[in-house]
Each structure stands twice: as structure tokens, then as C-alpha cells.
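Participant: The structure is given below, and queries will be raised subsequently.
The values are calculated or read from the model by the stated rules, or taken from the named source; none is laboratory data. Just so it is clear, the model here is predicted, and its values are computed rather than measured. Here the Cβ positions follow ideal geometry from the backbone for every residue, glycine too, while neighbour counts run over all protein chains shown. Only protein heavy atoms, including side chains, enter the accessible area calculation; ligands, DNA and RNA are left aside. Shrake-Rupley method; radii C 1.70, N 1.55, O 1.52, S 1.80 Å.
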Amino acid sequence: LLIRSFARLQDVDPGFVPTRLLVADIPLSPTTYAKPAQRFEFFDRVMNRAKALPGVTNAGAASFLPVSGGGSIIHFNIFGHPPKSASEYVAAGYRTITPSYLETLGVPLIRGRMIRESDDEKAPPVVVLNATMAKTFFQNEDPLGKRIQLGALPDKDTPWMEIVGVVGDVRPGLGVDPQAEMYLPYKQADGVLPVFQLSVVLRTAN
């Protein structure tokens, strides 16, 4: 039974291309890197050096990598549809990512666009949803152009994020069904929830 279960797991599509990937967790000291600009400069330097390594074809980073058993769940609300009570609060998986992260994993783009280098702390806030989140919370509507906000209830001090893309589902584990999940540019997410750790993923040629 154990062998058959393992064989079935090998046939499960994780939602990304798992071959030729290298990963590394990079935590930062909240004291040494207290300012956002310090964190941005550090992670930008790491990503630029990673992409320049011999044999590396692409590189990205995220707050949590797939199939790692980690991840965050966060409340959010949809512009124009505030919850009437606590029973209507909604939540989804939450990952902050660098540009090229989804492309490095090989996650397919379904609609719209991916996170770009221009989606920095000075740009209008954006977010990319996975297919399950788009279907669960927008059903037959086109989510592109709609706005969501972190937090269970609307808050004037929290920025609204425009949905600019929908990507394929990535499984949080081989034996786990895809969950609703959102991806935020880490430089924009840092203003709401400071980013002190990213896990780097490299795709190699061989």
C-alpha cells in the first residue's frame, strides 16, 4: 500500500516544473534590515547575482515555496462587496514574490500578466490570483481589473490592489488539493506586512 501510494504521488501534477530547480532560504535580521530600502537593496542584489550564475536560466523568490509545508493564510475583502458580518469574512493563501518567481517555477499564465519589475513600492498596488481563487471568489466574472484589499474589513489606510493576472494552481503538497492563493510583489507587500525572509529558487540549464 505504501509503495502504491508513493507511485500515485509521483503522478500528481504539482502545478509547476520541478526538474532542475535549486532552492535556498534567506532570512534577514529585523534589526540589521529594519528599513524597507535595506531589505529591497539586499534581495535585489541577491537576485541579480543569482541570475548571473553560470548555468542559471532564471531565478525568483517567494515568502514560501510550494510543496514545503509552509504558507500563510490571510483575510481579504473585495472592493464593492464588504462582508456584512464575521460569518462572511473570507481568506486565502498569501505569498509575496519577486518578479520572475512564477516564470522560474514554470507556473502557466491563464489571463492577464505576471508580476513585473515595475511593480515596485512606488507603483500602483497589484496582485495575481491562482485559478482556484479566481473561480472561488469571482465565479463566472472576469477578475482582471477588480480590486481586493488585505484585511477582513475595508480599511482606508490599507491600499487596494488591482488584480492583473490569473495563473495556474500550484499544490501546497503532493497529496493536497490546490487552495485559493494570491501573489503580491514583495516590495509592495512589505508596506503592509514587512518581508524579512524570502526563499530563492533557481532554474538551471542542466
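Participant: Among (1) closer than 16 Å to residue 202 by Cα; (2) assigned to a loop (DSSP other than H, G, I, E, B), which single condition is residue 25 missing?
Facilitator: Against the list (1) closer than 16 Å to residue 202 by Cα; (2) assigned to a loop (DSSP other than H, G, I, E, B), residue 25 comes up short only on (2).
Participant: Related question: Restricting attention to the range 79-93, does a residue exist that is out of contact with any His (no Cβ under 7 Å at 6 or more places or on another chain), modelled with pLDDT of 95 or more and basic (Lys, Arg)?
Facilitator: Taking every residue of the range 79-93 in turn, none turns out to be out of contact with any His (no Cβ under 7 Å at 6 or more places or on another chain), modelled with pLDDT of 95 or more and basic (Lys, Arg).
Participant: Go through the range 134-150 and count every residue that is under 11 Å from residue 78 (Cβ atoms) and surrounded by 15 or more Cβ atoms within 10 Å (Cβ to Cβ).
Facilitator: Restricting attention to the range 134-150, the residues satisfying the condition of being under 11 Å from residue 78 (Cβ atoms) are 137-138, 141, 143, 146-149.
Retained after the next criterion (residues that are surrounded by 15 or more Cβ atoms within 10 Å (Cβ to Cβ)): 137-138, 143, 146-149.
Adding up the residues that qualify gives 7.
Participant: Right, something else. Go through the range 63-91 and give me each residue that's within 23 Å of residue 21 (Cα to Cα), of a type in the set (A, V, I, L, M, F, W, C) and out of contact with any Ser or Thr (no Cβ under 6 Å at 6 or more places or on another chain).
Facilitator: Within the range 63-91, 64, 67 qualify.
Participant: Under 6 Å by Cβ, and 6 or more places apart or on different chains, what pairs join a residue from the range 23-49 that is under 16 Å from residue 192 (Cα atoms) with one that is of a type in the set (Asp, Glu) and open to solvent by less than 40 Å² (accessible area, probe 1.4 Å)?
Facilitator: Correct list of pairs: 36/190.
Participant: Continuing with the same structure: Which one is nearest to residue 20 (Cα to Cα) among residues in the range 115-130 that are aliphatic (A, V, I, L, M) and surrounded by 19 or more Cβ atoms within 10 Å (Cβ to Cβ)?
Facilitator: Looking only at the range 115-130, we keep the residues that are aliphatic (A, V, I, L, M), and these are 115, 123, 126-129.
When the remaining residues are screened for being surrounded by 19 or more Cβ atoms within 10 Å (Cβ to Cβ), the result is 115, 126-129.
Working: 115: 22, 126: 30, 127: 27, 128: 25, 129: 25 Å.
It comes out as 115.
Participant: Which of the residues spanning the range 73-93 are within 16 Å of residue 160 (Cβ to Cβ) and open to solvent by 20 Å² or more (accessible area, probe 1.4 Å)?
Facilitator: 74, 75, 78, 79, 80, 81, 82, 83, 90
Participant: Could I ask something else about it? Tell me, which strands (runs of 3 or more DSSP E) lie completely within the range 62-178 with 1 or more residues that are touching a helix residue (DSSP H, G or I) at 6+ places or on another chain (Cβ under 8 Å)? Before the answer, list the steps.
Facilitator: Numbers: elements: 72-78, 90-97, 109-112, 126-130, 147-150, 161-167.
Filter on the range 62-178 gives 72-78, 90-97, 109-112, 126-130, 161-167.
Participant: Taking residue 34, is it modelled with pLDDT of 95 or more, loosely packed, with under 15 Cβ neighbours inside 10 Å, of a type outside the set (Asp, Glu) and closer than 25 Å to residue 152 by Cβ?
Facilitator: Answer is no for this residue.
Participant: Could you list, in sequence order, the residues of the range 171-181 that are surrounded by fewer than 23 Cβ atoms within 10 Å (Cβ to Cβ) and touching a residue at least 40 places away in the same chain (Cβ under 8 Å)? Before you say what the answer is, go through the steps one by one.
Facilitator: So in the range 171-181, the residues surrounded by fewer than 23 Cβ atoms within 10 Å (Cβ to Cβ) come out as 171-180.
Within the range 171-181, 171, 172, 173, 174, 175, 178, 179, 180 meet the criteria.
Participant: If residue 106 meets every condition in (1) loosely packed, with under 14 Cβ neighbours inside 10 Å; (2) under 19 Å from residue 170 (Cα atoms) apart from one, which number is that one?
Facilitator: (1)
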